[in-house]
Structures are given as C-alpha cells and as structure tokens.
Amino acid sequence: MKSIARLACFFTVSFAIVFLLAGIVRLLMVLVASAQALPGLPALSFSEGIALLQSVIPTALCLSLLLSLSYAGGQQHLRTAPALLCLFILASLYPLGMAKGLDYLKALPVSLTLTGKGVPFTAGTILATPAGPVIIFNNPEEKTVSYVEAFPWQRLSYHEGSLPLLFPFADRSVSRLTEGFLSIRQQFEQRLRTDLLSAAVYNAALVLALISLYGVFKISAWPSVNVCLGAGAFGGFLIFNPILNKLSVFLTEKVPALFIEPLVLSLLAFTIILCTSVVHLFIKRKSV
C-alpha cells in the first residue's frame, strides 16, 4: 500500500507541477506576443487568462502520466494492476476537477486586462503574426474592420467585425508542432462545454489508451531504455491521435456521437494491451 500511496503522490505532484509550468509557458507566449498587439486590442483579460490555463489541462495529463508510468515501470516491487487502477482513477478525476474549478474562477467578476504596446496601421497593412499574415482592408477607425487571414497550408479566410484575439495566433503556430496535443485539447474543451458526462467519458478513454502503454515501460531490463521507449510510444500516440479522429467518421451512423472517440480510443487501448502482452510472453519464454 505504501508503494501505491507513493505513486499516487508522485502523480499528484507531477500533475500540479506540469500544469503550472505549461500554464506559465503559454501565458508568457501571449505576453511576449502582446508587445506587437493590434491597437485597441486587449492582449489578455482575466477570463481569457483562466481559459488559457484551462487549455493546458490535457497537456498536463499526458505529461504527468508519462512521468508516472516511467516511475512505476522502474519500481520492481510495484504490482501492475493496483498501480494502473490507481493512476486510472486519479487521471480520470483530476482533469475534470481542475476544469470545473477553473470554470468557477472564470465566472468571478474580476476586471483585469494586460495590454501590449499597439502598433499603428492603415488600410492595406499586412500584419505579421506567429501564424501568418493578416491583411487589413479598411481603416481601423471604422466600426467594422475587414481583414483576411493568410495562414500557411490553409485557404484564405475573409472576416468582418472585430479583430481576432492574440492568443489564437500563438496557438496556431504551436499547433503545427503539437497537433496531437491540440486535437486532444479541442476534444476535451468541446465536450466540457457540452456536457460534463461527455468530457468524463472521453477523458477516461484517453487515460485508458495512455495507461495501456505501461507495458512498454517494462519491456527491457534497463529503466533508462524503458523511459525512452515509453516516451517514443507517447509521441507516436500523439502523432496518431489526429488520424484516429478522422477514422472515427466511419462510426457516425452506428455509434452515438458521445461514444465515438472514446470507443476508438478504447479499441486502441485493448489492441496495445494485447500486443504488449504477447511481446512480454515471448520475451519471458525466450529467457527461460
């Protein structure tokens, strides 16, 4: 029981630390970008800052699970079933509790806005953003501003109204490097806005898929090799996750929308568990 308690403490502390570090990094990205903020545009309000912190919850979940599975894989005396059950319960509850707590903070009547130094522009100005150029068509003094987003690898997008917020620009630039994290985050946030049950089902299936990689962390006799293999498996899952979202389209007519993504993730988890079990049996028989 002491080893399980230590594992639970390790996951709790790692989740909190990764969440804080990831939140600080994202806030710093926005504040750095606010040095070239559009005139009259608030760089970051209190509610937007809380939403920014809320968006790093899936990232904190994945990284803290990676650390915890690495820790558990290096503990020879730790029983597999209780350890994975402990991680599954904690990893299924913590993100939802954190998200609901931040929702409460977001609703607080706090007026706090951080603004950057505005840069003047006129009609025809091309603004360079981290995601790509934004072309302004008319003068900013007019009530309605029209502009075109010319982001790389995307179609030109015409908009009318207020200019876009800063931090989606930063998100787009990062999403090319962390498309898997972005896909998970979008699913989690969309389901959280729709229904808590939907978010809980998706989060549980995601945790099951990540925990199913535990066998990779014990495949070798060298802990450092296992950590590298586990990190590679996590990276492969993140790369493959956007493809899973596209494959789930084939289930839209047979499975309720609430269970499409969780079902795909659960099938992937059981496939990984079956494959790693076969590999471990092969290695064990070969060593005898």
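Bear in mind these aren't lab numbers, they're just calculated from the coordinates by the rules spelled out. The model shown is predicted, which means the values in this text are computed figures rather than measured ones. Reconstructed Cβ throughout: ideal geometry from the backbone, glycine too, with neighbour counts over all protein chains shown.
Using a Förster distance of 45 angstrom, determine the FRET efficiency expected from the C-beta separation of Ala81 and Gln186, and round it to 0.05.
On the way: r = 33 Å, r/R0 = 0.73.
Efficiency, rounded to the nearest 0.05: 0.85.
In this rough spin-label picture, where each label sits 7 Å from Cα along the Cβ direction, the Ser3-Ser224 distance is 2.4 nm. A crude spin-label estimate for the pair Leu28 and Tyr158, with each label 7 Å from Cα along the Cβ direction, gives 4.1 nm.
Show me 17-23, 271-277, 211-217 ranked by packing, highest mean number of other Cβ atoms within 10 Å first. Kindly include the intermediate steps, with their values, before the conclusion.
Working: 17-23: 17.3, 271-277: 14.7, 211-217: 22.6.
With the highest mean Cβ count within 10 Å placed first, the list reads 211-217, 17-23, 271-277.
What order, most packed first, do the peptides 220-229, 59-68 have when packing is the mean number of other Cβ atoms within 10 Å of each residue?
Numbers: 220-229: 14.3, 59-68: 22.6.
Those peptides, ordered most packed to least, come out 59-68, 220-229.
Gap in Å between the Cα centre of segment 207-222 and the Cα centre of segment 45-66? Centre-to-centre (Cα) distance: 25 Å.
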